[in-house]
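Asker: I am attaching a structure below and will ask some questions about it afterwards.
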Amino acid sequence: MVAKRKPLLLIFLDGLRPDAIDKLELLARLPEKRRLKGEFGYSIACHASMYTGLMPSEHAYWFVWQRKKGRGIFSKFARLLGFRIFDSWPIRVLAHRLFIKDVRSANTSFFGVPRPVNVRTRDLADLTVTEWKNYDEYGYIEGQKGFLDVLRDHSVELDLVGFDKSSHEESAILARHKHSGTAPVTYWFLGDVDHFSHKHGQMSREANKEFERLNNVLNAAYKDYCESFGEEPEVLAWSDHGHADVKTVLDPYEEVRLAGAKLKKVFHVIDGTYIRLWREGSDDAMYSRVVSVLKEKPYGFFIEPALAERHGLVFSDNRFGDDIFSLKPGWVFGKTIWGWSRTMKSQHGYCPDEPIMDGVLASSFPIQGGVVSIRDVYATVLGKMGLLENGMANSSKNLALNGLVSEPRHRPA
Ligand SMILES: [Zn+2]
């Protein structure tokens with residue numbers, strides 16, 4: 001007879017730093033704690049990696065915006081986009097509101113199709129979003145099974161909390177959730193820490209107040225959980241990356257303009273901490289100019305091939321950029337495709353080699369190894385449910401396996 005497995009409670013806290021874990025009692029009292037290495041990118045890359053156990057080059061969810069030639073969100077209007085009148089952000093934002101309906105309704109992802117703010121309008125004939133489904137939908141990662149998919153394939157009842165977008169803060173969804181008392185796997189998905197960290201900085205006094213509020217929600221939800229199940233669960237809690245206080249906001253256009261280069265003559269996307277450049281659609285001479293200007297900047301660096309290889313960032317079609325410039329912690333760009341970063345007090349997305357970018361993982365059960373990878377979440381969840389072998393079979397590549405499985409380790413042949 002197989003011993004009855006304890007129910008499993010998964011807790012995801014976007015952007016929680018290892019040095020902030022003690023602010024949340026439920027996590028603080030878990031016996032196992034590890035620093036966790038996220039992906040070289042934003043939450044989208046980290047999410048895809050934690051659900052699939054794959055590197056960005058394998059799951060291909062590196063950035064929200066990617067280039068697919070002729071398949072951008074405004075590709076229908078490709079002929080119009082070249083006109084200068086459309087090349088201003090108010091027009092772009094208005095056009096997004098008026099014309100994005102079709103694209104939007106086909107997209108059920110958590111963030112949908114965001115308003116493209118600082119970008120060349122004509123490039124929107126080529127630029128589209130990477131995510132088309134919500135994290136909790138079956139087949140979230142195109143062509144790969146995430147751990148939620150594998151659990152569903154095995155008819156494991158899931159209680160998923162925080163994915164329905166019914167409140168701006170996921171903790172509000174958790175606060176009103178009533179637990180089933182039956183689901184072998186419950187998953188609390190909480191973006192709060194990331195949101196209030198961007199706004200206030202994670203170690204600020206304002207953030208402490210937010211942590212207190214979140215702490216109360218977690219304690220109450222855990223109590224409700226234990227009462228409905230009549231026992232304590234096994235707990236696996238983790239974040240996807242850390243947070244670094246912002247010291248300087250840079251205007252990327254001005255930064256290169258001072259050296260006589262014009263970013264607007266180059267096909268580019270600026271995220272909070274990256275400038276991504278594509279040769280096609282750029283003025284050739286200006287492209288080289290922009291690259292050489294950025295190379296001299298002390299606050300960042302181009303992701304060179306060896307670094308890209310090591311972090312799994314190599315894409316044969318360069319859909320995320322031909323050349324990618326990354327900022328160092330403490331710096332962010334204003335004027336991004338998202339907006340102006342005016343109220344940005346803290347940021348992430350920097351190279352995971354920087355310790356300030358470490359996330360954290362904590363559990364009620366033993367974990368092997370020292371520092372773990374975000375990709376280990378996949379194996380740990382499925383290992384805990386006795387489904388690791390099945391999970392591995394779904395994708396032979398699935399697995400970083402830095403060691404952290406609680407059950408006998410799978411040994412690749
Ligand atoms: Zn995140």
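The values are calculated or read from the model by the stated rules, or taken from the named source; none is laboratory data. Fair warning: this is a prediction, and the values are worked out from it, not measured in the lab. Using ideal geometry, Cβ is built from the backbone for each residue, glycine included, and neighbour counts are taken over all protein chains shown.
Asker: Tell me, yes or no, whether the range 230-245 has at least one residue that is more than 30 Å from Ser364 (Cβ to Cβ) and either in contact (Cβ under 8 Å) with a residue 60 or more places away in the chain or outside the structural domain of Phe12 (by TED's automatic domain parsing) (or both).
Answerer: Keep residues of the range 230-245 that are more than 30 Å from Ser364 (Cβ to Cβ), which gives 245.
Checking the rest, the ones that are also either in contact (Cβ under 8 Å) with a residue 60 or more places away in the chain or outside the structural domain of Phe12 (by TED's automatic domain parsing) (or both) come to 245.
Yes, the range 230-245 contains at least one residue that is more than 30 Å from Ser364 (Cβ to Cβ) and either in contact (Cβ under 8 Å) with a residue 60 or more places away in the chain or outside the structural domain of Phe12 (by TED's automatic domain parsing) (or both).
Here is a yes/no grid of residues against (1) in the same structural domain as Leu190 (by TED's automatic domain parsing); (2) on the phi < 0 side of the Ramachandran plot:
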{"site": "Pro31", "(1), (2)": "yes, yes"}
{"site": "Gly38", "(1), (2)": "yes, yes"}
{"site": "Gly53", "(1), (2)": "yes, no"}
{"site": "Gly70", "(1), (2)": "no, no"}
{"site": "Arg122", "(1), (2)": "no, yes"}
{"site": "Ala125", "(1), (2)": "no, yes"}
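Asker: Hey, among Lys33, Lys6, Lys69, which residue is more than 25 Å from the chain's Cα centre (by Cα), more than 16 Å from the ligand (Cβ to nearest atom) and farther than 19 Å from Thr336 by Cβ? If you could, list the steps in order and put the result at the bottom.
Answerer: Values: Lys33 fails: more than 25 Å from the chain's Cα centre (by Cα); Lys69 fails: more than 25 Å from the chain's Cα centre (by Cα).
Exactly one of Lys33, Lys6, Lys69 is more than 25 Å from the chain's Cα centre (by Cα), more than 16 Å from the ligand (Cβ to nearest atom) and farther than 19 Å from Thr336 by Cβ, namely Lys6.
Asker: Could you figure out which of (1) within 25 Å of Asn219 (Cβ to Cβ); (2) more than 16 Å from the ligand (Cβ to nearest atom) isn't true of Gly53?
Answerer: Tallying (1) within 25 Å of Asn219 (Cβ to Cβ); (2) more than 16 Å from the ligand (Cβ to nearest atom), Gly53 fails exactly one: (1).
Asker: Right, Phe211: in contact with a helix residue (DSSP H, G or I) (Cβ under 8 Å, 6 or more places away or on another chain) and of a type outside the set (Ser, Thr, Tyr) or not?
Answerer: Values: in contact with a helix residue (DSSP H, G or I) (Cβ under 8 Å, 6 or more places away or on another chain): yes; of a type outside the set (Ser, Thr, Tyr): yes.
Yes; evaluated as a whole, the condition is true for this residue.
Asker: Something else: In this structure, does Val161 turn out to be in contact with a strand residue (DSSP E or B) (Cβ under 8 Å, 6 or more places away or on another chain) and either assigned by TED's automatic domain parsing to the domain that holds Trp188 or touching a residue at least 12 places away in the same chain (Cβ under 8 Å) (or both)? Please lay out each step first, then the result.
Answerer: On the way: in contact with a strand residue (DSSP E or B) (Cβ under 8 Å, 6 or more places away or on another chain): yes; either assigned by TED's automatic domain parsing to the domain that holds Trp188 or touching a residue at least 12 places away in the same chain (Cβ under 8 Å) (or both): yes.
Yes.
Asker: Looking at (1) buried (at least 18 other Cβ atoms within 10 Å of the Cβ); (2) of a type in the set (Asp, Glu); (3) more than 16 Å from the ligand (Cβ to nearest atom); (4) within 30 Å of Phe12 (Cα to Cα), which is the one condition that is false for Asp271?
Answerer: Here Asp271 meets the rest and fails (3).
Asker: Would you mind finding the one in Arg79, Arg92 that is outside the structural domain of Ser204 (by TED's automatic domain parsing), free of Cβ contacts under 8 Å to residues at least 40 places away in the same chain, surrounded by 16 or more Cβ atoms within 10 Å (Cβ to Cβ) and under 30 Å from Ala125 (Cα atoms)? Can you show your working first?
Answerer: On the way: Arg79 fails: surrounded by 16 or more Cβ atoms within 10 Å (Cβ to Cβ).
So the residue among Arg79, Arg92 that is outside the structural domain of Ser204 (by TED's automatic domain parsing), free of Cβ contacts under 8 Å to residues at least 40 places away in the same chain, surrounded by 16 or more Cβ atoms within 10 Å (Cβ to Cβ) and under 30 Å from Ala125 (Cα atoms) is Arg92.
Asker: If you take the residues in the range 356-381 that are farther than 19 Å from Gly191 by Cα, in contact with an Asp or Glu (Cβ under 8 Å, 6 or more places away or on another chain) and among the aliphatic types (A, V, I, L, M), which one is surrounded by the most Cβ atoms within 10 Å (Cβ to Cβ)?
Answerer: Ile367
Asker: Exactly one of (1) over 17 Å from the mean Cα position of the chain (by Cα); (2) buried (at least 16 other Cβ atoms within 10 Å of the Cβ) is unmet by Ala106. Its number?
Answerer: Status for Ala106: all satisfied but (2).
Asker: Restricting attention to the range 200-245, which residues are of a type in the set (A, V, I, L, M), within 16 Å of the ligand (Cβ to nearest atom) and farther than 12 Å from Leu26 by Cβ?
Answerer: Taking the range 200-245 as the starting set, the residues that turn out to be of a type in the set (A, V, I, L, M) are 203, 207, 214, 217-218, 220-221, 235-237, 244.
Now drop any that are not within 16 Å of the ligand (Cβ to nearest atom), which leaves 207, 214, 237, 244.
Result: Ala207, Ala244.
Asker: For the range 276-287, state whether one or more residues are buried (at least 20 other Cβ atoms within 10 Å of the Cβ), under 22 Å from Thr121 (Cβ atoms) and of a type in the set (Ser, Thr, Tyr).
Answerer: Keep residues of the range 276-287 that are buried (at least 20 other Cβ atoms within 10 Å of the Cβ), which gives 276-278, 287.
Narrowing further to those that are under 22 Å from Thr121 (Cβ atoms): 276-278, 287.
Retained after the next criterion (residues that are of a type in the set (Ser, Thr, Tyr)): 287.
Among the residues of the range 276-287, at least one is buried (at least 20 other Cβ atoms within 10 Å of the Cβ), under 22 Å from Thr121 (Cβ atoms) and of a type in the set (Ser, Thr, Tyr), which makes the answer yes.
Asker: In the range 36-50, what residues are among the small types (Gly, Ala, Ser), within 8 Å of the ligand (Cβ to nearest atom) and closer than 17 Å to Arg310 by Cβ? Steps first, please.
Answerer: To start, the set of residues in the range 36-50 that are among the small types (Gly, Ala, Ser) comprises 38, 41, 43, 45, 48-49.
Going one step further and asking which of them are within 8 Å of the ligand (Cβ to nearest atom), we end up with 38, 43.
Answer for the range 36-50, where residues must be among the small types (Gly, Ala, Ser), within 8 Å of the ligand (Cβ to nearest atom) and closer than 17 Å to Arg310 by Cβ: just Gly38.
Asker: Same structure, new question: Could we say that Leu294 is assigned to a helix (DSSP H, G or I), buried (at least 19 other Cβ atoms within 10 Å of the Cβ) and not hydroxyl-bearing (Ser, Thr, Tyr) here? Full working, then the answer.
Answerer: Working: assigned to a helix (DSSP H, G or I): yes; buried (at least 19 other Cβ atoms within 10 Å of the Cβ): yes; not hydroxyl-bearing (Ser, Thr, Tyr): yes.
So Leu294 fits the description; yes.
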